[in-house]
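Report on one structure; see the data block that follows.
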Amino acid sequence: MRVRRATTLMAALCFLTGIACSQEGAQLSPPGPATEASVPRAEAPPGAAPLTRADVGAWLDGYLPYALQTGGVAGAVVVVVKDGEVLVKKGYGYSDVAARTPVDPDLTLFRPGSISKLFTWTAVMQQVEQGKLDLDADVNKYLDFEIPPRDGEPVTLRNIMTHTAGFEEQLKGLMGEEGKPVAGFEERLKAWVPTRIFAPGRTPAYSNYATALAGYIVQRVSGVPFDDYIDQHIFQPLGMEHSTFRQPLPEKLKPLMSKGYEVASGEPKPFEIVGVSPAGSLSATGADMAKFMIAHLQKGALGSTRILQESTAEQMHSTALTILPRVHRMLLGFYEQNYNGHRALGHGGDTNWFHSDLHLFIDDGVGMYISMNSAGDGPASHRIRSKLFDQFADRYLPGPKFEGKVDEQTAAEHARMIAGVYENSRRLESSFFSLLGLAGPVKVVANADHTISVSLADALAGAPVKWREIEPFVWSDADGKSLLAAVAEDGKVVRFSFDGLSPFMMFDRTPASRSPTWLLPALVLGLIALLLTSLAWPVSALARKHYGVPYGLSGEDARAHRWIRIAATASVAICIAWAATISMMMSDLSMLSESFDGWVWLMQLLSLVVFLGGAALGVWNAWMVVRSARKWYAKVWAVVLALSLLVLLWVAFAFHLIAFDANY
């Protein structure tokens, strides 16, 4: 299964997330470990294929070359490790299409995106071992600037590592490209602290900012610049000679860097500069990533070299934060990806052009890493890696499916209770980008057969996934591989999530004040009414001129009529300008920077004048027309225009089109 690209916002947020969904389509990950399952399980399926070098190599050769070619992906690297050794490492396709340079798993560098975070979390835990950091202390203890409290509660490193610090999403400065100015991550951290929209420890909301904050804390308490720290304490001990967090790349590594592509047939893209570098700036070969996987699978050790004490590694891998029952949970930096009853953890990562996944079957001693240098058609890279994980686990690590059942009456009632409109916990809330949430709400629908469907989740073939309830407020997909869980209060579900989004996103009921259920239709109808009024202005003038008909209004009525047309035209124009602005900024992440601040300030100032003035003029015009002797339909239309302009004013305030802040 995959997660549908629900909105432009989701596409942007998936960048550097590590959710398998990144810009478009993500795997719905499988069930939790057997030791935690309370749902009755069917008999285990037949035995696994032999997890050997020969079998895995042949299986990969049978799947990936065709998948990459048909998906428009230029190249990929895949590494499988088992019991402390590299089982398979393979390169497919090209690192440079024009030069026909093949991918070399030992030498070709890829960009793993948010998988970089696992190195930052490892560094944090090294400092915890040394007694320099306390996971439960206020992070302000380690900083030279302040993170404000939320509801009187500070942020801790445990909150940060489980993505429950409560920060809203940050886009500004997230991404740039080589050759263009990009502020260092330390400067970015201090320039603006994203609003904490949740109390700590209660609601997961993925945060690249918070991860960069953790990297800065490592830098401060160790006394070593972050890039140097990772070199000295992780890369060098593990022998990762072709890996770096540095941007741009060191000269010796530049010839080894794979080009990045949107599709294999397209032009290569510039080297990406990640603004919050501890959250996603890693460049590494497949062979080097194998060493990191083995170190974590071996509880902190690679051969005789140790980067974490055994107890520390176990703490990272097993300390889970349970917010919703039964679905996957955040660990300390890693997140659960449990499948077929096997305990699994890992992370995913995406930049604009590189798309990667890292999976560790921690109790089986097995790890798999894949990275692709193109989004591909669709984008195919997400389907490829989702299918790769599914089929690898089903082939080599099979296990039972989730089973269970509730009575039809309960299923029908609970489907009714969960149906509705929800908003993502990972969101931009205090800036104009919050408007994107209005355009693409997450909807849960109760089906006639008492199953439910979620607008965000499709099967790979594109049909909506049907979730069937298997125990109270726990649903399973048709394959018995993924779970959806919900919490109900006062006869209504208030929160849910499902395997596949990763545990750092949950969905809460959208407040009525900004619910798309009524606000989106009202906004669309209002814009249509204003557009018709705007178009009627020149059309009526030309018609009067053509037929020699005099203008029929005078005095205050004429002034009100003229001003309402001006208000309607200006309101439509500013809405179009906002749509174009947001679309343009989202299409080129390098625009999400200070270079665009002047335009943002201008748009906010114009919004104040146009939306506030338009609403006032709309009410004044309605008052004048309703009290006049004009036809009834003119009075109705005047009221419609007033309501339309008031809706626009509410949207402008609720979604921060009227603001005095260029941060987002």
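Would you point out which residue out of Ala191, Ala199 is among the aliphatic types (A, V, I, L, M), surrounded by fewer than 17 Cβ atoms within 10 Å (Cβ to Cβ), in contact with a strand residue (DSSP E or B) (Cβ under 7 Å, 6 or more places away or on another chain) and on the phi < 0 side of the Ramachandran plot?
The unique qualifying residue is Ala199.
Report those strands (runs of 3 or more DSSP E) wholly inside region 439-509 carrying at least 2 residues which are open to solvent by 10 Å² or more (accessible area, probe 1.4 Å).
442-446, 468-471, 483-489, 492-498, 507-509
Only one of Leu519, Leu523, Leu592 is under 31 Å from the mean Cα position of the chain (by Cα), under 21 Å from Val640 (Cα atoms) and open to solvent by less than 20 Å² (accessible area, probe 1.4 Å); which?
Only one candidate passes the filter, namely Leu519.
Residues of region 411-428 being open to solvent by less than 70 Å² (accessible area, probe 1.4 Å) and in contact with a strand residue (DSSP E or B) (Cβ under 7 Å, 6 or more places away or on another chain), which ones? I'd like the intermediate steps shown before the answer.
First, pick out the residues of region 411-428 that are open to solvent by less than 70 Å² (accessible area, probe 1.4 Å): 411-412, 414-415, 417-428.
Selection gives Ala411, His414, Ala415, Met417, Ile418, Ala419, Gly420, Val421, Tyr422, Glu423, Asn424, Ser425.
Which residue pairs have Cβ atoms closer than 8 Å, lie 6 or more positions apart in sequence or on different chains, and pair a first residue in region 216-237 that is closer than 16 Å to Gly131 by Cα and in contact (Cβ under 8 Å) with a residue 60 or more places away in the chain with a second residue that is among the charged types (D, E, K, R) and surrounded by fewer than 17 Cβ atoms within 10 Å (Cβ to Cβ)?
These pairs meet every condition: Arg220/Asp144; Val221/Lys132; Ser222/Lys132.
I need the full set of residues from region 538-553 which are closer than 18 Å to Val626 by Cβ and either of a type in the set (A, V, I, L, M, F, W, C) or open to solvent by 90 Å² or more (accessible area, probe 1.4 Å) (or both), in order please.
Passing the criteria: only Leu553.
Having 3 or more residues that are among the hydrophobic types (A, V, I, L, M, F, W, C) and more than 17 Å from the chain's Cα centre (by Cα) is the bar; report the helices (runs of 4 or more DSSP H) wholly within region 171-248 that clear it. Please lay out each step first, then the result.
Working: elements: 185-191, 208-222, 226-230.
Result: 185-191, 208-222.
Just one of (1) part of a helix (DSSP H, G or I); (2) more than 24 Å from the chain's Cα centre (by Cα); (3) in contact (Cβ under 8 Å) with a residue 24 or more places away in the chain trips up Asn140, so point out which.
(3)
What's the number of the condition Met257 fails, among (1) farther than 19 Å from Gly113 by Cβ; (2) open to solvent by 20 Å² or more (accessible area, probe 1.4 Å); (3) touching a Leu at 6+ places or on another chain (Cβ under 8 Å); (4) among the aliphatic types (A, V, I, L, M)?
Going through (1) farther than 19 Å from Gly113 by Cβ; (2) open to solvent by 20 Å² or more (accessible area, probe 1.4 Å); (3) touching a Leu at 6+ places or on another chain (Cβ under 8 Å); (4) among the aliphatic types (A, V, I, L, M) one by one, Met257 breaks only (1).
List every residue pair whose Cβ atoms lie under 6 Å apart, where the two residues are 6 or more positions apart in sequence or sit on different chains, the first residue falls within region 372-390 and is farther than 10 Å from Ala67 by Cα, and the second residue, located anywhere, is surrounded by 24 or more Cβ atoms within 10 Å (Cβ to Cβ) and of a type in the set (Lys, Arg).
Within 6 Å, the pairs are Ser386/Arg2.
Which numbered condition trips up Ala287, out of (1) open to solvent by 10 Å² or more (accessible area, probe 1.4 Å); (2) touching a residue at least 40 places away in the same chain (Cβ under 8 Å); (3) not in a helix (DSSP H, G or I)?
(3)
Given the criteria farther than 21 Å from Tyr339 by Cα and of a type outside the set (Val, Ile, Thr), does Asp449 qualify?
Yes; evaluated as a whole, the condition is true for this residue.
Test of understanding: among His296, His317, which residue is part of a helix (DSSP H, G or I), surrounded by fewer than 23 Cβ atoms within 10 Å (Cβ to Cβ) and touching a strand residue (DSSP E or B) at 6+ places or on another chain (Cβ under 8 Å)? I'd like the intermediate steps shown before the answer.
Values: His296 fails: surrounded by fewer than 23 Cβ atoms within 10 Å (Cβ to Cβ).
Checking each option against the conditions leaves just His317.
Looking for whichever is over 30 Å from Val182 (Cβ atoms) and surrounded by fewer than 19 Cβ atoms within 10 Å (Cβ to Cβ) here; the options are Ala558, Ala622, Ala579, Ala567. Which one fits?
Working: Ala622 fails: surrounded by fewer than 19 Cβ atoms within 10 Å (Cβ to Cβ); Ala579 fails: over 30 Å from Val182 (Cβ atoms); Ala567 fails: surrounded by fewer than 19 Cβ atoms within 10 Å (Cβ to Cβ).
It is Ala558.
Test Val636 against the stated conditions and say whether it is within 24 Å of Arg514 (Cα to Cα), at pLDDT 95 or above and either more than 37 Å from the chain's Cα centre (by Cα) or of a type outside the set (D, E, K, R) (or both).
No; evaluated as a whole, the condition is false for this residue.
The values are calculated or read from the model by the stated rules, or taken from the named source; none is laboratory data. Since the structure is predicted, the reported quantities are computational estimates derived from the model, not experimental observations. Every residue, glycine as well, gets a Cβ built from its backbone with ideal geometry; the counts of neighbours run over all protein chains shown. Quick note on the areas: whole protein, heavy atoms, side chains included, nothing else; ligands and nucleic acids left out. Shrake-Rupley method; radii C 1.70, N 1.55, O 1.52, S 1.80 Å.
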